[in-house]
Each structure stands twice: as structure tokens, then as C-alpha cells.
1. Tell me, what is the 1.4 Å probe accessible area of Leu45, in Å² to the nearest 10?
2. Write down the accessible area per residue of the range 1-54 in Å², having rolled a 1.4 Å probe over the full set of protein chains.
3. What is the distance in Å between the Cα centres of the range 89-117 and the range 2-19?
4. Please report, in Å, the Rg and the Dmax of the chain, where both are computed over Cα atoms only.
5. Report the net charge of residues surrounding Asn30, where surrounding means a beta-carbon distance below 15 angstrom and charges are Lys +1, Arg +1, Asp -1, Glu -1.
6. Using a 1.4 Å probe on the protein heavy atoms, what percent of the accessible area of the chain belongs to carbon and sulfur?
7. Going highest first, how would you order 91-104, 27-40 by mean Cβ packing within 10 Å?
8. May I ask for the percentage of alpha-carbon pairs in the range 15-79 that lie more than 18 Å from each other?
Amino acid sequence: TPKLEVKILGATKESNNILDKKNVTGEILNMWKDNDPIMPSRIFLVKENNFFFIKTLFAKNSFSDASEIIEKVSKSNKNGLTKYSSNNPNGEYYILEKNGNLGMYDDSGKFKEALKQN
């Protein structure tokens with residue numbers, strides 16, 4: 001009989017609860033939740049010092065120790081929707097979808113959508 005080892009790679013319920021209670025600085029204009037099973041996150045559109053930022057907070061899991069990514073973004077229009085882009089080397093950008101969700105795009109198109117939170 002082979003020896004079986006099981007590892008849970010995603011975030012735990014406790015990590016998700018801690019993530020839900022984290023605060024960000026600045027004027028929060030919008031927020032979303034990405035329910036990715038391995039790298040769940042909360043995403044905030046924040047205005048600070050007259051600049052827009054996308055702040056992404058990740059839950060602690062076996063890949064990450066509750067990291068945070070802050071991107072300074074510019075706001076523009078794409079096909080009647082609001083687009084937020086940064087100097088991302090991978091060509092990724094965000095679009096505020098008609099339903100209020102945050103679409104994540106790159107040169108190949110949409111690859112993910114985070115759900116609007118109140």
C-alpha cells in the first residue's frame with residue numbers, strides 16, 4: 001500500500017475571517033472579493049492624495065503569508081466602461097463591469113472577476 005500524504009493548499013476558514021477584518025488606508029471608493037480557492041483576496045479601489053490605487057489583500061495560505069499588493073492606477077474609458085490600469089509588466093488591467101464586479105484582463109482578454117462587496 002503506498003503512503004498517502006494530503007496537503008491543503010488553499011486558505012483556511014480562519015485565514016479568510018482574518019482577511020475580512022483587515023483595514024486599508026485611504027478613502028475606499030469600491031471593494032470586491034475574489035473567492036479564488038487557493039489565493040482568496042479582497043480588492044479595494046482607494047483614493048489617497050488625489051491618486052487612485054488598487055489595493056489587494058491576500059489571505060494567508062501555504063503560498064502566501066497574508067501579502068498585500070498596492071498598484072497606483074489611472075482611470076480611463078474602454079467601450080463605455082471604466083478601466084483602471086497601472087504600469088503592470090504583464091499588461092494586466094481592471095474594468096468595472098456593468099454589474100459592479102471588477103473584471104481582470106490582460107492582452108488575451110478577461111481571466112477573472114471579483115464580486116462587488118457593500
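1. My reading of the accessible area for Leu45 is about 10 Å².
2. Values: 3830 Å² over 54 residues.
Per-residue value: 71 Å².
3. Each part's Cα centre sits 27 Å from the other's.
4. In Å, with Rg to one decimal and Dmax whole: 16.0, 63.
5. Working: positive: Lys33, Arg42, Lys47, Lys55, Lys75, Lys83, Lys98, Lys116; negative: Glu27, Asp34, Glu48, Glu71, Glu97, Glu113.
Computed value for this residue: +2.
6. Numbers: 3840 of 7790 Å².
Within the chain, the accessible surface is 49 percent carbon and sulfur.
7. Going from most to least packed, we get 91-104, 27-40.
8. Working: 791 of 2080 pairs.
In whole percent, the long-distance tail amounts to 38.
The values are calculated or read from the model by the stated rules, or taken from the named source; none is laboratory data. Keep in mind that this is a model prediction, so the values were computed, not measured. Reconstructed Cβ throughout: ideal geometry from the backbone, glycine too, with neighbour counts over all protein chains shown. In case anyone asks, the SASA skips ligands and DNA or RNA and just uses the protein heavy atoms, side chains included. Shrake-Rupley method; radii C 1.70, N 1.55, O 1.52, S 1.80 Å.
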